[in-house]
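The values are calculated or read from the model by the stated rules, or taken from the named source; none is laboratory data. Small disclaimer: the values here were computed from a predicted structure and weren't measured. So basically every Cβ, Gly included, is an ideal-geometry build from the backbone, and we count neighbours across all protein chains shown. Protein only, heavy atoms only, side chains kept; ligands, DNA and RNA dropped before computing areas. Shrake-Rupley method; radii C 1.70, N 1.55, O 1.52, S 1.80 Å.
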Amino acid sequence: MTSSGYRVLARHPSVEDYMRLRAAGGLSAFSRDAASIGLKGTRFAALVMHGDKAVGMGRLIGDGGCFFQIVDIVVEPEHQGKGLGKAIMAALMEYVTTALPSSAYVSLIADVPANKLYEQFGFRETAPKSLGMAFKVP
């Protein structure tokens, strides 16, 4: 995607861009140390660039064979509404469908109304058979 000055690149975010984009998108904050460690677990990432600035991102993390999770889908508010979230998901799903083993399980936690975006890429709610659960270290 290279319209309107936006480019989607297969590139891991820097720690600085990661922390800045999460904050801009209203996602929970992590310490710089946690972000630095966590980014090393990235299997694939897509960055949306506007000029030389990263304005959106998404990552795929996982064990490399069986289980993967899509995380950190975020676009800076002033760049939202331009199809950039969809472009990030398209880049991630291209990798998922071409590079992962055929039996891989890919999951995500969807905030409403973003679940409608993920449904466009084949994701379905798992309830009532299973429910997403989380624990945050205090």
**Request:** Scan the range 93-108 for residues that are surrounded by 13 or more Cβ atoms within 10 Å (Cβ to Cβ) and either touching a Gly at 6+ places or on another chain (Cβ under 6 Å) or small (Gly, Ala, Ser) (or both) and report the count.
**Result:** 2
**Message:** Exactly one condition in (1) in contact with a His (Cβ under 8 Å, 6 or more places away or on another chain); (2) over 22 Å from Arg11 (Cβ atoms) is false for Ser31; which is it?
**Reply:** (1)
**Request:** Report, by residue number, each residue of the range 18-33 that is farther than 17 Å from Val74 by Cα and not in a loop (DSSP other than H, G, I, E, B).
**Result:** Arg32, Asp33
**Asked** Which residues, taken from the range 49-72, are hydrophobic (A, V, I, L, M, F, W, C), in contact with a helix residue (DSSP H, G or I) (Cβ under 9 Å, 6 or more places away or on another chain) and open to solvent by 40 Å² or more (accessible area, probe 1.4 Å)?
**Response** Ile61
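Conditions tested, residue by residue: (1) closer than 25 Å to Ala24 by Cβ; (2) at pLDDT below 95.
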site	(1), (2)
Ala46	yes, no
Arg59	yes, no
Gly65	no, no
His79	yes, no
Thr98	no, no
Val106	no, no
Ser130	no, yes
Pro138	no, yes
**Message:** Going residue by residue through the range 79-86, is there one that turns out to be surrounded by 13 or more Cβ atoms within 10 Å (Cβ to Cβ), within 28 Å of Lys136 (Cα to Cα) and of a type in the set (A, V, I, L, M, F, W, C)?
**Reply:** no
**Request:** Pull up the range 18-33, narrow it to residues that are open to solvent by less than 70 Å² (accessible area, probe 1.4 Å) and of a type in the set (A, V, I, L, M), then point me to the one that is modelled with the lowest pLDDT.
**Result:** Leu27
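Here's the yes/no breakdown for (1) outside any strand (DSSP E or B); (2) surrounded by fewer than 16 Cβ atoms within 10 Å (Cβ to Cβ):
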site	(1), (2)
Ser4	yes, yes
Glu16	yes, yes
Ala35	yes, no
Phe44	no, no
Leu47	no, no
Ala91	yes, no
**Prompt:** Taking interchain pairs and intrachain pairs at least six residues apart, which have beta carbon atoms under 9 angstrom, with the first residue in the range 113-138 and more than 18 Å from Gln80 (Cβ to Cβ) and the second loosely packed, with under 10 Cβ neighbours inside 10 Å?
**Reply:** Lys136/Ser28
**Message:** Looking only at the range 10-33, how many residues end up being more than 13 Å from the chain's Cα centre (by Cα) and not small (Gly, Ala, Ser)?
**Reply:** 8
**Message:** Pairs needed: first member in the range 71-99, farther than 11 Å from Leu60 by Cα; second member anywhere, among the aromatic types (Phe, Trp, Tyr); C-beta distance under 8 Å; at least 6 residues apart or different chains.
**Reply:** His79/Tyr6; Lys82/Tyr6; Leu84/Tyr6; Ala87/Tyr6; Ala90/Phe121; Ala99/Phe44
